[in-house]
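Working notes, beginning with the structure itself.
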Amino acid sequence: MIENVIERQLARAVKKMGGMAVKFVSPGLDGVPDRIVLLPDKRVAFVELKAPGKKLRALQEKRKRQLEALGFPVYVIDGVEQIGGVLDEICAT
């Protein structure tokens, strides 16, 4: 399964929950996560999507740590089966 299939499924699942999975592009700041997930009740998280078995690059790891240091949750999803669990976790915070 390729990354964009997982990304589309995430966007659909978030929309069903009444939220948005906004594509995150930050000119001048490479390595940011692919999506910002916005759910009802002020729930916000960043999500990096990967093809199955692929790992974060060093710069992506750095951005993940930076965002987490600011208090934002950052998730890495490399399979559609992880989507429900991640969204449940975002809702629980």
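Any read-out appearing in this document is the output of simple, stated calculations on the displayed coordinates, not a laboratory observation. These numbers come from a predicted model, not from an experiment. Note that we place each Cβ from the backbone using ideal geometry, even for glycine, and neighbour counts take in every protein chain shown.
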Residue that is nearest to the chain's Cα centre (by Cα), among those in the stretch 38-93 that are of a type in the set (Val, Ile, Thr) and more than 16 Å from Ile6 (Cα to Cα):
Val74
So, of the residues in the stretch 28-37 that are free of Cβ contacts under 8 Å to residues at least 40 places away in the same chain and surrounded by 12 or more Cβ atoms within 10 Å (Cβ to Cβ), which turns out to be farthest from the chain's Cα centre (by Cα)?
Gly31
Determine whether Ala51 is without any contact (Cβ under 8 Å) to a residue 60 or more places away in the chain and surrounded by 13 or more Cβ atoms within 10 Å (Cβ to Cβ).
yes
